[in-house]
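Colleague: Mind looking over this structure? Questions follow.
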Amino acid sequence: MEPSLSRTSVRRLPAKQVQDRAALDAVLDAGKVAHVAVLDDAAQPYVVPVAYARAGDTVLFHGSTASRLFRSLAAGASTCLTVTLLDGLVVARSVFESSMHYRSAMVLGVATPVTGAARREALERITEHLMPGRWAEARQPSPKELAATQVLSLPLDEWSVKVSDGPPDDAADDLDLPVWAGVVPLRPQPYDAAVPAPDLRHDLDVPDYVRAWASQ
């Protein structure tokens, strides 16, 4: 679905807006942490980091059923979910023009609770997005753990993607300054060597699927 132009049009540097749905999917699929905004009863805004996963035309995320913020979201409070990927530093000749390469996605809407068998499936998708291969080996959630977990689904109906990826845009008067300018790419931090838990009771090698994370 095309992003709504009424609330998601980029007004600051609109040329950086990308309206291709594939760009939205790419940002959401590459990110690991989303930030979800919600207002409490006193209209105090809060922004909560969450693990998430895209599932087709929705974003799934979870939190505690004891959280008043998640209870508010489950009850139909409007929200804004964002994911940002930092790709590089733009080192201009002036501090003012120095900036970043980034890809950011913003999703507006109302989340709905995921219930029944779909809740376990959603938790599996979130787990596999963050830790591919882990769901099949780890213990599955108990009924008590499932009851303590609120899983929400946010439709990708109203969204905006902004991408900044150009070279420094220095003022003409600064081009003759004897100052280096350019772009310093920031590669995603790879998973480092796995550190066994200090209370590991079996002589176990690091699973191959965990070793594979380092190459992602």
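Colleague: Using each residue's phi in segment 91-98, evaluate 6.51 cos²θ - 1.76 cosθ + 1.60 at θ = phi - 60° and report the 3J(HN,Hα) Karplus result to the nearest Hz, with x for Gly and Pro.
Modeller: 9, 8, 6, 10, 5, 4, 8, 5
Colleague: So what's segment 137-185 giving for Cα Rg divided by 2.2 N^0.38 Å, two decimals? Provide the component values of the computation, followed by the final result.
Modeller: Working: Rg = 24.7 Å, N = 49, 2.2 N^0.38 = 9.7 Å.
For segment 137-185, the normalised Cα radius of gyration is 2.56.
Colleague: Select from V91, P49, S78 the residue farthest towards the positive end of the dipole of the chain; place +1 on Cβ of Lys and Arg, -1 on Cβ of Asp and Glu, and compute about the Cα centre.
Modeller: S78
Colleague: Assuming a viscosity of 1.306 mPa s and a temperature of 10 °C, what translational diffusion coefficient in µm² per second does Stokes-Einstein assign to segment 129-216, Rh being the Kirkwood radius over Cα pairs?
Modeller: On the way: Rh = 19.4 Å.
So the translational diffusion coefficient is about 82 µm²/s.
Colleague: Show me the chymotrypsin sites (Phe, Trp or Tyr not before Pro) within segment 32-62 that DSSP assigns to loop and that have at most 14 other Cβ atoms within 10 Å of their Cβ.
Modeller: Numbers: sites: Y46, Y52, F61; in loops: none.
Passing both the DSSP loop test and the Cβ count: no residue.
Colleague: Something else now. Chymotrypsin sites (Phe, Trp or Tyr not before Pro), restricted to segment 156-195: which are DSSP loop and have at most 14 other Cβ atoms within 10 Å?
Modeller: On the way: sites: W159, W180, Y191; in loops: W180, Y191.
Those that pass, being in a loop and sparsely packed, are W180, Y191.
Colleague: Do you know the relative contact order of the chain, to the nearest whole percent, from alpha carbon pairs under 8 angstrom that are 6+ apart? Walk me through the numbers before you get to the answer.
Modeller: Working: 381 pairs, mean separation 55.9, N = 216.
Taking the mean separation of contacting Cα pairs over the length of the chain, I get 26 percent.
Colleague: Where nothing but the Cβ of Lys and Arg (+1) and of Asp and Glu (-1) is charged, how large is the charge dipole of segment 105-216 around its Cα centre, in debye to the nearest 20? Don't skip to the end; give the middle numbers.
Modeller: On the way: 10 positive and 18 negative charges, 185 e Å.
Roughly 880 debye, rounded to the nearest 20.
Colleague: Could you give the alpha-carbon Rg of segment 19-116 over 2.2 N^0.38 Å, rounded to two decimals? Write down the numbers at each step before the final one.
Modeller: Details: Rg = 16.0 Å, N = 98, 2.2 N^0.38 = 12.6 Å.
Normalised by 2.2 N^0.38 Å, the Cα Rg of segment 19-116 equals 1.27.
Colleague: Pick out, in residue order, every one of the trypsin sites (Lys or Arg not before Pro) in segment 122-172 that is DSSP loop and has at most 12 other C-beta atoms within 10 Å; say none if there are none. Show your work: numbers first, answer last.
Modeller: Working: sites: R125, R134, R139, K144, K162; in loops: R134, R139.
Within segment 122-172, the qualifying trypsin sites (Lys or Arg not before Pro) (loop, at most 12 other Cβ atoms within 10 Å) are R139.
Colleague: Moving to a separate point now. In degrees between 0 and 90, to the nearest 10, how far off the longest principal axis of the chain does helix 117-130 point, with axes built from Cα atoms?
Modeller: Here the helix axis deviates by roughly 50 degrees.
Colleague: So, one more: So for L152, L130, fewest C-beta neighbours within 10 Å to most, what's the order? Kindly include the intermediate steps, with their values, before the conclusion.
Modeller: Details: L152 24, L130 14.
Sorted ascending by nearby Cβ count, the order is L130, L152.
Colleague: Between V38, V107, V179, which gets the highest mean-square fluctuation from a Gaussian network model of the chain, Cα cutoff 10 Å?
Modeller: Of V38, V107, V179, the Gaussian network model singles out V179 as fluctuating most.
Colleague: Rg/Rh for the chain: what does it come to with C-alpha atoms and Rh from Kirkwood? Mind dumping the intermediate values first?
Modeller: Values: Rg = 20.7 Å, Rh = 19.9 Å.
With Rg and the Kirkwood Rh in hand, the quotient comes to 1.04.
Every number in this text was worked out from the coordinates using simple rules, so none of it is lab data. Keep in mind that this is a model prediction, so the values were computed, not measured. Because the Cβ atoms are built from the backbone with ideal geometry, glycine has one as well, and the counts that use them run over all protein chains shown.
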